[in-house]
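Written out below as structure tokens is the structure these notes cover.
The values are calculated or read from the model by the stated rules, or taken from the named source; none is laboratory data. As the structure is a computational prediction, the values presented were derived from the model and not from experiment. So basically every Cβ, Gly included, is an ideal-geometry build from the backbone, and we count neighbours across all protein chains shown. Ligands, DNA and RNA are stripped out before the accessible areas are found, and what is left, the full protein with its side chains, is counted by its heavy atoms. Shrake-Rupley method; radii C 1.70, N 1.55, O 1.52, S 1.80 Å.
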Amino acid sequence: MRKIKTHYFARFLPLIFLYNIISLPVKPSSELAAWSFRSNGVLELRTRKNSNLKAYFQKANKLYGDRFWVDFNGELLNPRTIKGNGPVKEIRLGKPVRGTTRLVIEFAPQKSINPYQLKLIGVDENKWKIKLTSFPLNSFKTMKEGNVSKSSVASPKRKDLRGLRDINLRILDLPNIRRNKYSVVIDPGHGGLDSGAVGIDGLKETDVVLDVSKIVTKLLLEKGVSVKMTRNKEVDLDLSPRVALANKTKSDIFVSIHANASRGKKRSINGIETFYYSGWRGRLLAEKIQKEILKVSPGSPDRGVRKGGYFVIKRTNMPAVLAEIGFVTGRLDARRLENKIHRRRVAFAIAKGILEYLKRVG
Ligand SMILES: [Zn+2]
């Protein structure tokens, strides 16, 4: 982003920063596969699966009108400019720096865009959407390249192998803390007859969170943390014994892991949120975990760190959080949560958040 930083005279607003902890091999070609800027002001993008996009907005200055742009990994072959129409001055595809593709939408000088309304949303593993303007329908002609609705087909076998390799690499990426000093309770939500939320294609919250919790536990153990799970199989477990275990063992922190469901099972609702009950420690722990889960869930909206009065985080005597790792009812989240590799990534994210908290607070 060197180029952007030199534009001191202009105000710019980074809308979304999505980094991936996993260092993927350098890709020779652009992650952008197709785009369409429709006459209702909605920009749709198709990318490689699980791409990490960065979107920016810059107000008009002497040289340019209001501009919105998205950066993709990988270089496109032919930089080009597509002449706009109506309120759209032009759309440019370029490579601002080596290894990056940039899609710029520049508006006509008199058209002012409100950047605070902009939010780039992942609607599927390879599809993105952002409403750029509130123009009346058909106020300009749709501009596009390629087919944005084509779905990507990946070979699951190859993907699985790549995932395993990521995991092995990433154990080394987890922060080191003093061994045999800390104790943590991991609480997989629900269990047994209580399956929690049931989502797309019968995806059950209890299965997802148990798998993730087991991996979190394993990772923390490897880092020298003493870990207790409130359950490690499909059993019914009331809320009180979960709290009692944490309070009795004087655990340093308590982390409850859940997956979300939206009312009416709306597939368009996805996102990550982490709750704490009180105190700066609880809040900090929630922030660390939330941030890490978002990193491995590109496009899934950040629903934020929030105060919540859930029994397990209210009644525990130590910093306690409840993480909602995605919606089993959401199209984007459910596809991921049913994928073992993604669950491992989420587990890594949670373990990383916990370790960073312990490192900081001690
Ligand atoms: Zn739950």
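Can you give me the distance in nm between label points at N317 and V42, each placed 7 Å from the Cα along the Cα-to-Cβ direction?
Inter-label distance under the simple model: 5.3 nm.
Take every DSSP beta bridge with both residues inside the chain and express the antiparallel ones as a percent of the total, to the nearest 5.
Around 70 percent of the beta bridges assigned by DSSP in the chain are antiparallel ones.
Per the Cauchy relation, a quarter of the hull surface: what is the mean projected area of the convex hull of the alpha carbons in the stretch 43-96, in nm²?
4.6
What is the magnitude of the charge dipole of the chain about its Cα centre, with +1 placed on the Cβ of each Lys and Arg, -1 on the Cβ of each Asp and Glu, and no other charges, expressed in debye to the nearest 20?
960
Hey, any idea what Rg/Rh is for the stretch 233-285, computing Rh the Kirkwood way over Cα pairs?
On the Cα set of the stretch 233-285, Rg over Rh gives 1.05.
With a 1.4 Å probe and every protein chain left in place, work out the accessible area per residue of the chain in Å², rounded to a whole number.
Averaged over the residues of the chain, the accessible area is 49 Å².
I'd like the accessible area for L239, computed on protein heavy atoms only with a 1.4 Å probe and all protein chains in place. Round to 10 Å², please.
Probe radius 1.4 Å; accessible area of L239 about 80 Å².
For each pair in K129/K266; K288/K352; K248/K288; K49/K265, compute the distance between the two Cα atoms and list the pairs where it is over 19 Å.
From K129/K266; K288/K352; K248/K288; K49/K265, over 19 Å: K248/K288; K49/K265.
Relative contact order for the stretch 51-138: what is it in percent, counting Cα pairs under 8 Å that are at least 6 residues apart?
24
Full extension from K141 to D302: what is 0.36 nm times the residue separation minus their Cα-Cα distance, to one decimal in nm?
Here the answer is 54.7 nm.
Determine the relative contact order of the stretch 247-362: mean sequence separation of Cα pairs under 8 Å and six or more apart, normalised by residue count, in whole percent.
Relative contact order here is 39 percent.
Could you tell me the calculated FRET efficiency between K111 and K359, based on Cβ-Cβ distance and R0 = 51 angstrom, to the nearest 0.05?
Approximately 0.60, to the nearest 0.05.
Would you mind checking which residues have amide H under 5 Å from V227's amide H? H placed 1.01 Å from N; only 5 or more apart, or other chain.
It is V184, by chain and number.
Whole Å is fine, so just give me how far the alpha carbon centre of the stretch 182-230 lies from that of the stretch 101-143.
39
What are the ³J(HN,Hα) values, in whole Hz, obtained from phi via the Karplus relation 6.51 cos²θ - 1.76 cosθ + 1.60 with θ = phi - 60°, for each residue of the stretch 320-325 in sequence order, with x given for Gly and Pro?
Ordered by residue, 3J(HN,Hα) equals 9, 9, 10, 9, 9, 8 Hz.
In nm, give the distance between the simple-model label positions of S240 and S195, each being 7 Å from the Cα along the Cα-to-Cβ direction.
Taking the simple label geometry, S240 and S195 are separated by 2.8 nm.
Would you work out what percent of the accessible area of the stretch 253-310, with all protein chains in place, is carbon or sulfur (probe 1.4 Å)?
The computed percentage sits at 47.
Using only the Cα atoms of the chain, construct the convex hull and provide its projected area averaged over every direction, in square nanometres to one decimal.
That works out to 19.4 nm².
For Cα pairs less than 8 Å apart in space and 6+ apart in sequence, what is the mean separation divided by the residue count of the chain, i.e. the relative contact order in percent?
Relative contact order comes out at 16 percent.
At a 1.4 Å probe, what is the % contribution of carbon and sulfur to the accessible area of the stretch 32-148?
Carbon-and-sulfur percentage of accessible area, whole number: 50.
Go ahead and set up a Gaussian network model of the chain, Cα springs under 10 Å, then flag whichever of I82, I272, I200 fluctuates most.
I82
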